């Protein structure tokens, strides 16, 4: 319950104003990313309104509303599944327009670009390669099945586990971005050398 309150508070604060400092990773073809071996067989399962409650396999039940909202906003999500259990999830925003957009209040996406975000693995499944599997596998799906021209992965510079995960799929930060958003709108952004 406490985590839900914290998540809700953060989401409300982000709507008012937020500072993002991220390392950015780019994927433009299948050779840019690898899908590492995992300790158990995994598969990606598309998240739909009918199965989004399966988030309860690895997160609190109150997260189902968040997943429904993401689907309603046109987000593309996948579960990582093994032996019928959902172990984690990852999401992507695809710019399907012919003009640049700002995704999630802070990331500029050109036409036919996608942003990977909100990858999470259940606590009891961490250390099994689930996160790198999701990043690598979803990247390949976006490139091959959705025809995305470029994928952006942005990771908070303080999120060491996620930065290590990006390295496990063969990615290196190409730049860092400091972004400020207010009331859901990007108001200032500067790109610089990545912070490692």
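Here, each number is a calculation from the coordinates, and none is a lab measurement. These figures come from a predicted structure and were not determined experimentally. A quick note on method: Cβ atoms are made from the backbone with ideal geometry, for glycine too, and the neighbour counts reach across all protein chains shown.
Data overview
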{"quantity": "Debye equation applied to the C-alpha atoms of segment 131-196, log10 I(q)/I(0) at 0.15 Å⁻¹", "calculated": "-0.61"}
{"quantity": "Segment 95-150 shape via C-alpha gyration tensor axes, a/c threshold 1.5", "calculated": "oblate"}
{"quantity": "Relative contact order (%) - segment 148-196, alpha-carbon pairs under 8 angstrom, separation at least six", "calculated": "29 percent"}
{"quantity": "Mean Cβ count within 10 Å, highest first, over the residues of peptides 39-47, 82-90", "calculated": "82-90, 39-47"}
{"quantity": "Whole-Å distance, taken between Cα centres, linking segment 115-159 and segment 55-80", "calculated": "15 Å"}
{"quantity": "Geometric extent, Cα atoms of the chain - Rg, Dmax (angstrom)", "calculated": "16.1, 45"}
{"quantity": "Chain lengthening between residue 191 and residue 50 when straightened (0.36 nm per residue, less Cα-Cα)", "calculated": "46.8 nm"}
{"quantity": "As computed over segment 17-126, the Cα convex hull volume per residue (Å³)", "calculated": "139 Å³"}
{"quantity": "Beta bridges by DSSP in the chain, antiparallel share as percent, to the nearest 5", "calculated": "90 percent"}
{"quantity": "Contact order normalised by residue count of the chain, Cα under 8 Å, 6+ apart, percent", "calculated": "32 percent"}
{"quantity": "Candidates 130, 102, 169: whichever shows maximal mean-square fluctuation once the chain is modelled as a Gaussian network with Cα springs under 10 Å", "calculated": "102"}
{"quantity": "FRET E, pair residue 123, residue 102, Förster distance 22 Å, beta-carbon r, rounded to 0.05", "calculated": "0.10"}
